[in-house]
Structure formats: structure tokens, C-alpha cells
Amino acid sequence: MELAAYANFAVRLVNSEEPDRGTDALTSVEAVRALFGPSAQAARTADESDIPRLRAVRTRLRGVFEAAAEGDEVRGVDLLNSLLVEYPVSPLVSGHDYLDEAGRPRWHLHLADNASTAAANFTAVACMGLAVHLTELGADRLGICQAAPCRNAYLDTSTNRSRRYCSDRCATRANVAAYRARKREEARQAASAAG
């Protein structure tokens, strides 16, 4: 697995809560396990104590995305570094079932799932992935959706660094709202000019 792919763990955790809407999907051990995805061995060790731990990490990771979205790269990096120090990773070289044309394993890095809790494991993986994404692509590639009331985090992988929304749905909703606002303003101006 490419280490940058682990950055999606951070996005999934941050987006498990919608603070402006007052919703929180991280309410059960099953929700914790779902964050890991279907094949993660560490998910099987999740228990009730991981819920508050991941909620606390989620708040801190949201701070990383918000700082980056506000253009405060240094603060975002400092917040991420504090998490990386607190939740260290253990890399492993893996070749599992991927073979090259000569039949040799395609060696690549994985992050070991040997932390003491499922929350610690998830956090280490998420933070390392986010750090790789940030260092390879830049802090300006971390964002918070600009469609109100959505405040979901996203990773901008666009070629021109232009992403502003977490999804096509939010982009469409924001564009329709902007169009309607322009039409209302045009109508107001036309009424003022006529009257």
C-alpha cells in the first residue's frame, strides 16, 4: 500500500462528525471498526474505550485540516507533529501477494498494527498517511468543505489545486445557492431601477 493512501483514514475520522449539524457517527464499537475498513486486523481489537479516544483525536485532526484550510500551514504542521510524536508508527516492508514480472515480491511499506489499542493504531496510521500527503503535495492540499453547513475534511488531489468542496454533491449545492443568490440580487436591482 502506498503510505499516502493512509491519509484517507484521517479524512474518514474527521468526517465521522458534522459539528455544525450536531451529528456524530462515532457512537459504537462497530463504527470504530468501520473506520478501519473491512480487512484491518487492528479493528478486531476495538472496544468501548476506543470511542472517546478517537473522538479526542478527531478534534485534533480537524484542527490540522482547519489550520491548513485557513492558510496557517505552520500551525497545521505543529498540530500534526504533536500527534505523530504521541502516536508513533512502526513501518514494515511487505510483499504479500504482489509479484513483479520476474515473480519476485513487489516490496513496499506498510504500517504495522501493533499499537496497544485500536484507537492508537488507527491514529498512528492516519497521522502518518496525512504527513506523507502533506509533505508530498503541500499543506494547501488539506481542506475543509466550503459548502455551508458542511464542514467535512478532504484531500485535494486535483491537478490545479482548485478543490473547495468535499464532494460533487456539496459543489452542486453551493453552485445552485450562488446562482439563486445572483438571480435574487439581479431581481432586486431591477426592481430598484424600475421604482
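The values are calculated or read from the model by the stated rules, or taken from the named source; none is laboratory data. Computed from a predicted structure; not experimentally measured. Ideal geometry is used to build each Cβ from the backbone, glycine not excepted, and the neighbour counts take in all protein chains shown. Note: accessible area is taken over every heavy atom of the protein model, side chains too, but ligands, DNA and RNA are not part of it. Shrake-Rupley method; radii C 1.70, N 1.55, O 1.52, S 1.80 Å.
General remarks:
- Largest accessible area first, the listed residues Glu70, Glu185 line up as Glu70, Glu185 when surface is computed with a 1.4 Å probe on the assembled protein chains.
- Of Leu99, Leu142, Leu83, the residue with the greatest mean-square motion in the GNM of the chain, using alpha carbon springs below 10 Å, is Leu99.
- Cα long-axis angle, helix 73-86 against the chain (0 to 90 degrees, to the nearest 10): 30 degrees
- For the options Arg60, Arg151, Arg104, a Gaussian network treatment of the chain with springs between C-alpha atoms closer than 10 Å singles out Arg104 as fluctuating the most.
- For the chain, with all protein chains in place and a probe radius of 1.4 Å, 53% of the accessible heavy-atom surface sits on carbon or sulfur.
- The mean accessible area for residues of the stretch 136-194, using a 1.4 Å probe and ignoring ligands and nucleic acids, is 66 Å² per residue.
- At q = 0.08, 0.19 Å⁻¹, base-10 log of I(q)/I(0) for the chain (Debye sum, equal scatterers on each alpha carbon): -0.34, -1.31
- The fraction of all Cα pairs in the stretch 54-161 landing in successive 10 Å bins from 0 to the largest distance is 14, 37, 30, 15, 4, 0, given as whole percents.
- Among Glu86, Glu66, the order of accessible area from largest down is Glu86, Glu66, computed with a 1.4 Å probe on protein heavy atoms.
- Label-point separation, Gln146 to Thr172 (7 Å along Cα→Cβ), nm: 2.0 nm
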